[in-house]
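The values are calculated or read from the model by the stated rules, or taken from the named source; none is laboratory data. All of these numbers come straight from a predicted model, not from anything done at the bench. Neighbour counts are summed over all protein chains in view; Cβ atoms, including those assigned to glycine, are modelled from backbone coordinates with ideal geometry.
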Amino acid sequence: MLPQATEPEREDRRAALAALLWQLADDDLVVAQRASEWLGLHPHVEEDVAFASIAQDELGHAAMYFGLLEELGFGPRDDLALLRPIAERRHSVLLEWPNGEGEYWDEPHFDWAFALLRHFAYDTFEQVRLERLRASSHRPLAELAVKILREERYHLAHHTMWIRRLAGHDAEARARLIQAGQRVAELAGDLWDTGGWAPAWERFGLMADPDGLRAAWEAAAVPVLEAAGLPAWEVPAPRYNGRRGVHSPYGASLVDTMATVVRLDPRAQW
Amino acid sequence: MSRSLTPVWEALHTVADPEIPTVSIVALGMVKRVGWDDEGIDIDLVPTFLGCPALDLIRHRVVRAVAQAAGLSPEMVRVRWCTEVPWTSDRIRTEAHGPLRRMGIAPPPEPAEAGAGEPVPCPYCGSRDTRQDNAFGSTACRSLHYCRACRNPFEAMKPV
């Protein structure tokens with residue numbers, strides 16, 4: 001029989017688990033919101049269908065993670081998703097960054113190369129993170145990781161196809177990919193920051209090898225860019241850091257937008 | 001209270017995914033376990049795709065159908081979404097293939113891994129002279145295709 005965990009030990013484990021779940025849930029919620037802003041605006045209709053479907057998948061994954069937080073006693077998952085202030089959010093700043101100039105309801109001049117490469121960077125990261133959660137000591141999280149990985153491979157295959165196709169198309173497409181890639185790289189530095197939780201995640205068996213996230217991301221992302229003949233990304237230390245609650249001004253307005261309906265009528269059902 | 005599982009399963013066979021009305025959730029492989037206890041009936045369902053917006057509606061329909069068939073109040077039918085086993089397209093039963101094709105949806109290859117990269121046979125004419133137009137379709141679980149032989153667009157259940 002295993003020795004009984006002491007009360008402080010149990011509390012430490014719960015805090016470490018919650019910290020991990022906030023990052024997972026907030027990442028997927030925010031990337032889904034930004035992806036859904038593209039509805040009706042894509043370069044062509046098939047991509048509208050694809051991105052909407054990807055957004056729906058990510059939102060579904062976020063709902064599952066928020067559900068795990070609800071089970072841990074943090075409150076109803078809808079409230080966790082919609083009503084927390086930006087300072088409490090732990091998603092990567094890369095994911096809250098706008099799709100471009102304007103808003104989706106007002107003069108949207110979005111940059112599809114940026115959206116595509118952002119998703120590529122994030123979905124690659126998601127894959128290496130989920131691989132490290134397959135054997136998590138929190139069983140429900142391990143089960144979710146196995147399930148989500150099966151869905152995610154379609155996303156990554158999609159982004160990779162577009163990168164290859166656009167990079168080989170013409171000079172303008174290549175130039176846009178290179179320019180957007182630099183902007184994604186500048187913002188990507190907080191993706192693999194664990195917010196200081198790596199030792200606790202490892203100690204409690206919640207995530208395997210959290211310190212290896214960045215190297216694993218590079219090992220997965222670099223060959224795709226290389227095969228497309230695109231320059232390697234230089235990822236500097238992050239200017240903001242969502243994992244530590246330091247968000248860009250865009251984060252606050254995104255959270256406000258997401259909460260518009262629920263604040264108008266908190267008892268609304270839909 | 002009779003604790004027969006027969007009427008429960010019969011009721012589950014009448015519940016369809018609202019986005020695929022010709023196929024029951026049993027044939028889609030979404031029912032993992034059904035059991036009685038003193039407080040009522042437990043039903044474990046396996047979600048197809050986690051972001052599927054039909055999940056709540058399916059739960060609601062299961063409660064209604066089973067409660068009626070077993071003569072229970074709806075509170076006594078407890079539906080749980082379980083993730084212990086991931087849903088895969090291999091869970092779709094062969095009996096679903098005909099009804100799927102009648103809806104213009106090609107069934108998934110068996111096993112899922114076998115079909116990777118292969119052209120999907122057209123659900124209307126059976127030709128393999130088809131192309132995939134989009135890995136993403138009208139629902140999370142489907143992709144979009146075109147048949148060059150009979151010139152029909154069609155959908156396919158994604159192998160996962």
Residue match in the range B:64-77 (condition: buried (at least 19 other Cβ atoms within 10 Å of the Cβ) and assigned to a loop (DSSP other than H, G, I, E, B)): no
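Using the structure shown, decide if A:GLU218 is in contact (Cβ under 8 Å) with a residue 40 or more places away in the chain, of a type in the set (D, E, K, R) and farther than 30 Å from A:ALA5 by Cα. Give the derivation first.
Details: in contact (Cβ under 8 Å) with a residue 40 or more places away in the chain: no; of a type in the set (D, E, K, R): yes; farther than 30 Å from A:ALA5 by Cα: yes.
No: the conditions fail for A:GLU218.
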Which numbered condition A:ILE148 fails, given (1) surrounded by 21 or more Cβ atoms within 10 Å (Cβ to Cβ); (2) under 30 Å from A:GLU172 (Cα atoms): (2)
Residue check, A:ALA25 more than 16 Å from the chain's Cα centre (by Cα) and modelled with pLDDT of 95 or more: no
Residues being more than 14 Å from chain A (Cβ to nearest Cβ), buried (at least 21 other Cβ atoms within 10 Å of the Cβ) and either closer than 15 Å to B:ILE20 by Cβ or in contact with a Gly (Cβ under 8 Å, 6 or more places away or on another chain) (or both) - total across the range B:108-160: 2
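What residue, among those in the range A:32-64 that are of a type in the set (D, E, K, R) and closer than 16 Å to A:HIS155 by Cα, is surrounded by the most Cβ atoms within 10 Å (Cβ to Cβ)? Walk me through it before giving the result.
Within the range A:32-64, the first condition is being of a type in the set (D, E, K, R), and the residues that meet it are A:34, A:37, A:46-48, A:57-58.
Filter once more, so that each one left must be closer than 16 Å to A:HIS155 by Cα: A:34, A:46-48, A:57-58.
On the way: A:ARG34: 24, A:GLU46: 15, A:GLU47: 18, A:ASP48: 16, A:ASP57: 24, A:GLU58: 31.
Here the answer is A:GLU58.
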Qualifying residue in the range B:13-29 (condition: within 14 Å of chain A (Cβ to nearest Cβ), on the phi < 0 side of the Ramachandran plot and within 18 Å of the chain's Cα centre (by Cα)): yes
Boolean, A:ARG10 is part of a helix (DSSP H, G or I), basic (Lys, Arg), farther than 21 Å from A:ARG165 by Cβ and in contact (Cβ under 8 Å) with a residue 12 or more places away in the chain: no
Subset of the range A:43-62 [more than 7 Å from chain B (Cβ to nearest Cβ) and among the small types (Gly, Ala, Ser)]: A:ALA52, A:ALA55, A:ALA62
Extreme residue, surrounded by the most Cβ atoms within 10 Å (Cβ to Cβ), among residues of the range B:9-55 that are without any contact (Cβ under 8 Å) to a residue 12 or more places away in the chain and assigned to a loop (DSSP other than H, G, I, E, B): B:LEU50
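Can you find a residue in the range A:201-217 that is over 16 Å from A:VAL128 (Cβ atoms) and of a type outside the set (Lys, Arg)?
Scanning the range A:201-217, I find at least one residue that is over 16 Å from A:VAL128 (Cβ atoms) and of a type outside the set (Lys, Arg), so the answer is yes.
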All positions within the range A:78-105 that are within 14 Å of chain B (Cβ to nearest Cβ) and either modelled with pLDDT of 95 or more or at positive phi (or both): A:ALA81
Qualifying residues in the range B:121-140 (those that are within 19 Å of the chain's Cα centre (by Cα) and more than 20 Å from A:ILE148 (Cβ to Cβ)) - the one modelled with the lowest pLDDT: B:SER138
Filtered residues of the range A:108-128 (kept if of a type outside the set (A, V, I, L, M, F, W, C), crowded, with 22+ Cβ neighbours inside 10 Å and away from chain B (no Cβ under 14 Å)): A:ARG118, A:TYR122, A:THR124
Checking A:ALA188 against (1) touching a residue at least 12 places away in the same chain (Cβ under 8 Å); (2) within 14 Å of chain B (Cβ to nearest Cβ), the condition it does not meet: (2)
The range A:249-270 residues that are free of Cβ contacts under 8 Å to residues at least 60 places away in the same chain, paired with ones that are of a type in the set (Gly, Ala, Ser) (beta carbon under 7 Å, 6 or more apart): A:VAL261/A:ALA268
Check on A:LEU141, away from chain B (no Cβ under 14 Å) and surrounded by 18 or more Cβ atoms within 10 Å (Cβ to Cβ): no
Filter result for B:SER143 (under 30 Å from A:PRO140 (Cα atoms), in a strand (DSSP E or B) and either modelled with pLDDT of 95 or more or of a type outside the set (Phe, Trp, Tyr) (or both)): yes
Per-region count, the range A:62-100, residues acidic (Asp, Glu), touching a Phe, Trp or Tyr at 6+ places or on another chain (Cβ under 8 Å) and free of Cβ contacts under 8 Å to residues at least 60 places away in the same chain: 0
Residues (of a type in the set (A, V, I, L, M) and in a loop (DSSP other than H, G, I, E, B)) located in the range B:88-133: B:ILE92, B:MET103, B:ALA116, B:VAL120
